[in-house]
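Let me begin by presenting the structure, written as structure tokens, before commenting on it.
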Amino acid sequence: MASFFNSRLSVFKLADSSSALRNLSPYIVSVSGLPGPRELNDVTALGDVSHKWAPSLENAVIGLELLYSKDATSGPEIVIGGIRASTVSKSFEYYPTGATTAASPPNYKYSGKCWVRNFEIEARVGNQILARAELPVSSSVARAAI
């Protein structure tokens, strides 16, 4: 029988300005972009009857939609806003089906390093303040069973 999971179990962590991993899950509405695409170079030559491809670079960009908060140490304003202008890439960890270890079937962790390319705060009359972030991955995305 197929296994299905509720996204409420998902966990996303991002390193803050002190490089401590902070759990942003309580603020996240959606996560997208992981594990992400990788580029393939077209190496088709004259006379080939179909395209040939050679693996190239990974090209993942993490998209986050968040409820805005300036909670000390863990809110999006403190964590993401605090590293927006960083000159050092930051670690991330993503557990789509939860961070429980030794689960059966196993849970998986995607991890790597990323930058903050964009951090936008959206306020509208009558709505909760939201934030969006784009985090281009600057390493390969590692996948591990936990």
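The values are calculated or read from the model by the stated rules, or taken from the named source; none is laboratory data. Note that this is a predicted model, so its numbers are computed, not measured. Every residue, glycine among them, receives a Cβ derived from its backbone with ideal geometry; neighbour counts consider all protein chains shown.
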* Asked: Pairs under 9 Å by beta carbon, first residue loosely packed, with under 10 Cβ neighbours inside 10 Å in segment 39-56, partner of a type outside the set (A, V, I, L, M, F, W, C) and at pLDDT below 95, six or more apart or different chains?
  -> 55/38; 55/39
* **Filter result (free of Cβ contacts under 8 Å to residues at least 60 places away in the same chain and buried (at least 18 other Cβ atoms within 10 Å of the Cβ)) within segment 78-93** => 81, 89
* **Every pair of residues 6+ apart whose Cβ atoms lie under 6 Å, when the first sits in segment 57-68 and is of a type in the set (Asp, Glu) while the second is outside any strand (DSSP E or B)** => 58/140
* Taking segment 57-73 only, how many residues are surrounded by fewer than 16 Cβ atoms within 10 Å (Cβ to Cβ) and more than 12 Å from residue 133 (Cβ to Cβ)? -> 7
* Asked: Within segment 1-20, how many residues turn out to be closer than 25 Å to residue 138 by Cα and over 13 Å from the mean Cα position of the chain (by Cα)?
  -> 5
* Asked: Based on what the data block shows, is residue 56 among the small types (Gly, Ala, Ser) and within 22 Å of the chain's Cα centre (by Cα)?
  -> yes
